[in-house]
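Down below is the structure, laid out as structure tokens.
The values are calculated or read from the model by the stated rules, or taken from the named source; none is laboratory data. Since the structure is predicted, the reported quantities are computational estimates derived from the model, not experimental observations. For neighbour counting, all protein chains shown are included, and Cβ atoms are generated from backbone atoms with ideal geometry for every residue, glycine included. With ligands, DNA and RNA removed, areas are computed over all heavy atoms of the protein, side chains included. Shrake-Rupley method; radii C 1.70, N 1.55, O 1.52, S 1.80 Å.
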Amino acid sequence: KNVDSAKSVEPGRPAIVVGQLARDLGLQMTRKSRALDGFRYRVQGQQLHITGESPQGELHAVFDLLERLSCGWYAPGKVGEVIPTVASITLADDLDHTAISDSINRRFWYGGKGLPDKATAAWLDRNKAEHQVGSWNHAWHGLVQPKEWFTSHPEYFSLNRGQRTTKQLCTTNPDTLRVAADSLLRKMNDDRALIYAAGPNDGGNLCECERCAKLDTPGYLEPTSGRPACADRVFGFASQLAGLTAQQHPTKDLGVLVYSEYSRPPRQIERLHANVFPMIAPIRRCRFHGPGNPHCESSQLLLDEIAAWGKLTSKLGFYVYNYNLADTLVPLSKISYFKRLQQATQSANPTELAWIFETIDSWSTHAPHMYLSARLAWNSRLDIDAEMERYFDQFYGEAAAPMRRYWQRLDQAYDTTPVHTGSQYGLHRIWTRELLAQSRADIDEATRLASSERVREAVAMAAAGLACAEHFMSIWNHLVACEFVAAGKAQERLKTHVAELAKHTEPNWIHDRYALGYYTRFVGLTVDAGAAALDDGGAIVARLPDAWRFQPDPEKVGTEQKWWLPTFDDQKWQTIATVSRSWADYGIGEYQGDAWYRTTFEITKPVPSGDLRLW
């Protein structure tokens, strides 16, 4: 502690020497990283010397060494901490280990709060999973600030429906380029970041002026919206900006999300400027299935997009959604997702990687793949199978076998089931009665096997997540049977359960605001309305069928052709389910436009007096 000179370290005396003293004794980094958080440790006689490219690198070295000694941190808090008890520690005489991450940026956007809590921050440090070198945020509003410029120069901003608005920028205006570049240069002069956000604002509405629209390739569309794919204009503008900023700051890059209407790769740009750092944020692609999954057209598209972006740049980031779209209530596993993403990343072969994981802190439902994503953040070439074996064996200890079966079976269900629908409307196809029964058997066996306090808590956390799925499926099954009162009672049981889960912290077993918030916004609305109608004296006279006749009407001719007449011949229309399936199951999940439904039904019992409502 008080040693401040290498001369004070006796050569033959056992010691652990860290930092500048180790460097003074001759331990130097043999590899360099742009992120400056690499490390090296070496046995030198009776001493262990530890150094790093920075204090954070030295911290990484300490935890890497502890991992070598079978320590592990598998979740935030004490439940995730596995520290073996040994009488002595022996290190090989020839131990000399150097490591740098293949990613310059590693960030968890965590729990809807942006920053992790104290326990999670410590967990991220121990897994070398948090290191920010800049930003890829939505940024145009900060580069050309509306309060400063809109009144005097509305032409700097986007034209939307004939009016200049502050929603986006007009990127073909040369003065817009100048003002944005000046803004970036001021930021670059003031701090030491490596990446500076330079992409569009969130929410679409890119400029519709004639010059901007000409940058889009005619007929080249974003399939989820049917709108023009706009990557040429977005990344063309970013490359122009980088051409200006790199003159003064050649080591600083511009971070831009590959996102929304600019997800498809450019058609007119052959190579991005070397100082543009794109980050693929597949918000419009399936979250269940990893790139190239044969069961998912959206994921195959994503694989092609990753490959195409890889040809445009040697720098590539990935913004990964660690939860299903508008659903954090039931257990989800994305281990196979990450295996496919890893393969796609390696095929793209970037020289620099960056990661951001948008993660909701629901550890009862997402634990294994949240751990895996933290590990991949440091080493994208990680042996995933070996890492997960270590995870199951150490985190679940004596209950490892049934817990491994539980999570692997669940992972297989998500990976192989052709369901792509978010907002909880596709969960019933994954959480079949068979899967629920098998999962319950695994959890019960693990509960019996768990003998230590830490393992009992780890299993109890997963069991609480499974109970969320059981409650949800009870609600869903009542709902599709039009048993709204029973669904309402099951919903109350779910809310009580989630309230109990929310009491558990370090880690948070569930994020109650997101879990119940998403549920209430979608499925819960139907439960509440149905239960309210029946509680108010209503009675179901007839239940309409699940399957209806269906016909898209992209040309909007149905009204004129009187498709609404009872006598209209709809025999050529397809038949699709309205509750048990969603549009994605019929290959029309991306359809944008009018559509018609037709059905017939029979009321077989007397109709009570009073209002008769179609609901």
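Structure data summary
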quantity	calculated
For the chain, projected area of the alpha-carbon convex hull averaged over all directions, nm²	34.8
Distant-in-sequence amide H partners of Leu221 (H built 1.01 Å from N, under 5 Å)	Ala229
Surface accessible to a 1.4 Å probe, per residue, for the residues of the chain, Å²	46
Length gained when the stretch Tyr220-Glu434 is fully extended (0.36 nm per residue, less Cα-Cα span)	72.7 nm
Neighbour cut-off at most 15 other Cβ (10 Å), DSSP loop, trypsin sites (Lys or Arg not before Pro), segment 252-325	Arg267, Arg271
On Cα atoms only, tilt of 433-449 relative to the major axis of the chain in degrees	40
Residue (of Ser158, Asn205, Pro228) at the positive-pole extreme of segment 157-228, dipole from beta-carbon charges	Ser158
Residues of type lysines that Lys167 reaches as a straight line, Cα spacing below 29 Å, ignoring anything fewer than 8 places off in the same chain	Lys113, Lys147, Lys187, Lys214, Lys252, Lys315
Taking segment 472-578 and dividing mean pair separation by its residue count, relative contact order in percent (alpha carbons under 8 Å, at least six apart)	23
Between 0 and 90°, nearest 10: helix 484-501 axis offset from the chain longest Cα axis	10
Inter-label distance for Ala213 and His97, nm, one decimal - labels placed 7 Å from Cα along Cα-to-Cβ	6.0
Residues Cys482 and Phe568, FRET efficiency given R0 of 30 Å [Cβ-Cβ distance, rounded to 0.05]	0.65
Label-zone membership for segment 163-195, site Phe150, 7 angstrom Cα→C-beta point, backbone N under 12 Å	164-169
Candidate lysines - alpha carbon under 20 Å from Lys78, same-chain residues fewer than 8 apart omitted	Lys118, Lys128, Lys503
Low-density loop cleavage sites - GluC sites (Glu not before Pro) in segment 504-612, where at most 14 other Cβ are within 10 Å (DSSP)	Glu555, Glu560, Glu602
With every protein chain in place, the chain: carbon and sulfur % of accessible area (1.4 Å)	51
Sequence-separation-based contact order of segment 359-455, relative, with Cα cut under 8 Å and 6+ spacing, percent	31
Cα gyration tensor shape for segment 61-122, rounded if a/c is under 1.5, else prolate or oblate	oblate
Charge-dipole axis of segment 410-474 as Lys and Arg at +1 and Asp and Glu at -1 on Cβ define it, positive-most pick from Met473, Ile430, Leu449	Met473
Nearby aspartates and glutamates by direct alpha-carbon distance to Lys572 (threshold 16 angstrom, same-chain neighbours under 8 apart not counted)	Asp553
In degrees, nearest ten, helix 512-521 long axis to first principal axis of the chain (Cα)	20
Convex hull (Cα only) mean projected area of segment 478-547, reported in nm² to one decimal	5.5
Selected from Val541, His511, Gly111, residue furthest toward positive end of dipole (the chain; charges at beta carbon)	Gly111
Approximate spin-label separation Asp304-Ala441, in nm, with each point projected 7 Å along Cα-to-Cβ	4.2
Trypsin sites (Lys or Arg not before Pro) within segment 154-218, DSSP loop, no more than 14 other Cβ atoms inside 10 Å	Arg161, Arg192, Lys214
Radius of gyration, Dmax [segment 1-122; alpha carbons; angstrom]	16.4, 52
Highest to lowest packing among 518-528, 575-585, scored as the average C-beta count within 10 Å	518-528, 575-585
Cα-centre dipole for segment 346-404 with unit charges at Cβ (Lys and Arg positive, Asp and Glu negative), debye to 20	40
Inter-probe distance in nm under a simple model that places probes 7 Å from Cα toward Cβ, at Thr575 and Ser5	9.2
Test item: Cα-centred dipole of the chain, Lys/Arg +1 and Asp/Glu -1 on Cβ, debye	640
Percentage relative contact order, the chain, counting C-alpha pairs under 8 Å, at least six apart	11
Considering only the chain, percent of DSSP beta bridges that pair antiparallel, nearest 5	50
Ratio of Rg to Rh over segment 385-493 (Cα coordinates, Kirkwood Rh, two decimals)	1.03
Dipole moment magnitude, nearest 20 debye, segment 468-608 about Cα centre, only Lys, Arg, Asp, Glu C-beta charged	160
